[in-house]
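The values are calculated or read from the model by the stated rules, or taken from the named source; none is laboratory data. Given the structure is predicted, the values throughout are model-derived calculations rather than measurements. FYI the Cβ positions are ideal-geometry reconstructions off the backbone, even for glycines, and counts take in every protein chain you see.
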Amino acid sequence: MRRVLLMMALGSGMLAPGWGAPVVCSPGSLDSYIGLGTDGCTIGDATLSRFASLPPPDGASEIAPGAIFVTPLLDGARFALRFGLGATAAAGDILQSLISFQVNASGLAGVEVSLAGAAAAGDAAVTATSNLCLEGAFSGFDCIGTPENAPIAFTIAADSLLSARQTFSRSMNVGLLQDIVVDAGTAGSAALESSTLRFSAVPEPGTQITLFSGLLFAAFLRLRRR
């Protein structure tokens, strides 16, 4: 009986910490995330890897990866990355960041993009677009997989949509190309504090069974102590 319960605990991951666990995502510059390479890092059960910064098209100035601060977030089955930019643009300036990376997690089912501290005056605009590639990856700007509709958050002088969400069929592997633009227009001004990408996942049935097994094991240990 003890051997069976021990195997259940191992399967649930209850005894996993310290047994060669992967690197956990921590706050740092986008440069430091790019340096993680193909190994990447984890937020909960999700692995994020292959971070890259792509050059913007002509007419836009790149927001340097070293100037972007990445903060991982975890809230139950939802995990997120917040990209802190602290970017401001004056008339005639277009600032842009194109961030490509890979997300692997069980039962990925949606993504939400949001803006914080966004401001636009005159003909300026601030946008964050999350380009999605299901069961695939981006090679440059091309999706090698199944493209999905991209949620877009924006603010202009007359209107704003500070968060947008896109759901999709459950996937294990999603490529992201996050396009953040702070465009002051010809006579305006624009600013953006940060943009957040929040993912939602639906646990696989096997994961739920494993979790239940772990809870049973914990209950058994509690009873043995009494």
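Residue count for the stretch 49-75 satisfying the condition of being assigned to a loop (DSSP other than H, G, I, E, B) and surrounded by 14 or more Cβ atoms within 10 Å (Cβ to Cβ): 4. For the stretch 5-37, the set of residues classified as modelled with pLDDT of 95 or more and β-branched (Val, Ile, Thr) consists of Val24, Ile34, listed by residue number. When you look at Gly136, is it part of a strand (DSSP E or B), among the small types (Gly, Ala, Ser), without any contact (Cβ under 8 Å) to a residue 40 or more places away in the chain and over 17 Å from Val181 (Cβ atoms), yes or no? Criteria met by Gly136.
Can you find a residue in the stretch 142-164 that is in a strand (DSSP E or B), on the phi > 0 side of the Ramachandran plot and at pLDDT 95 or above? Within the stretch 142-164 (the criterion being in a strand (DSSP E or B), on the phi > 0 side of the Ramachandran plot and at pLDDT 95 or above), the answer is yes, since at least one residue qualifies. Against the condition within 30 Å of Gly92 (Cβ to Cβ), under 18 Å from the mean Cα position of the chain (by Cα) and not polar (S, T, N, Q), how does Ala118 come out, does it pass? The answer is no for Ala118. Restricting Val113, Val126 to those that are assigned to a strand (DSSP E or B), in contact with a Pro (Cβ under 8 Å, 6 or more places away or on another chain) and not acidic (Asp, Glu) reduces the list to Val113. In this structure, Asn131 does satisfy being under 18 Å from Leu30 (Cβ atoms) and touching an Asp or Glu at 6+ places or on another chain (Cβ under 7 Å).
Output the number of residues of the stretch 63-78 satisfying the condition of being hydrophobic (A, V, I, L, M, F, W, C), free of Cβ contacts under 8 Å to residues at least 24 places away in the same chain and over 17 Å from Glu193 (Cα atoms). Qualifying residue count, the stretch 63-78: 0.
Residues are listed down the side, and each one gets a yes or a no for (1) of a type in the set (A, V, I, L, M, F, W, C); (2) over 30 Å from Thr88 (Cβ atoms):
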{"site": "Ala125", "(1), (2)": "yes, no"}
{"site": "Ala137", "(1), (2)": "yes, yes"}
{"site": "Ile144", "(1), (2)": "yes, yes"}
{"site": "Ala150", "(1), (2)": "yes, no"}
{"site": "Phe154", "(1), (2)": "yes, no"}
{"site": "Asp159", "(1), (2)": "no, no"}
{"site": "Arg165", "(1), (2)": "no, no"}
{"site": "Ser169", "(1), (2)": "no, yes"}
{"site": "Leu176", "(1), (2)": "yes, no"}
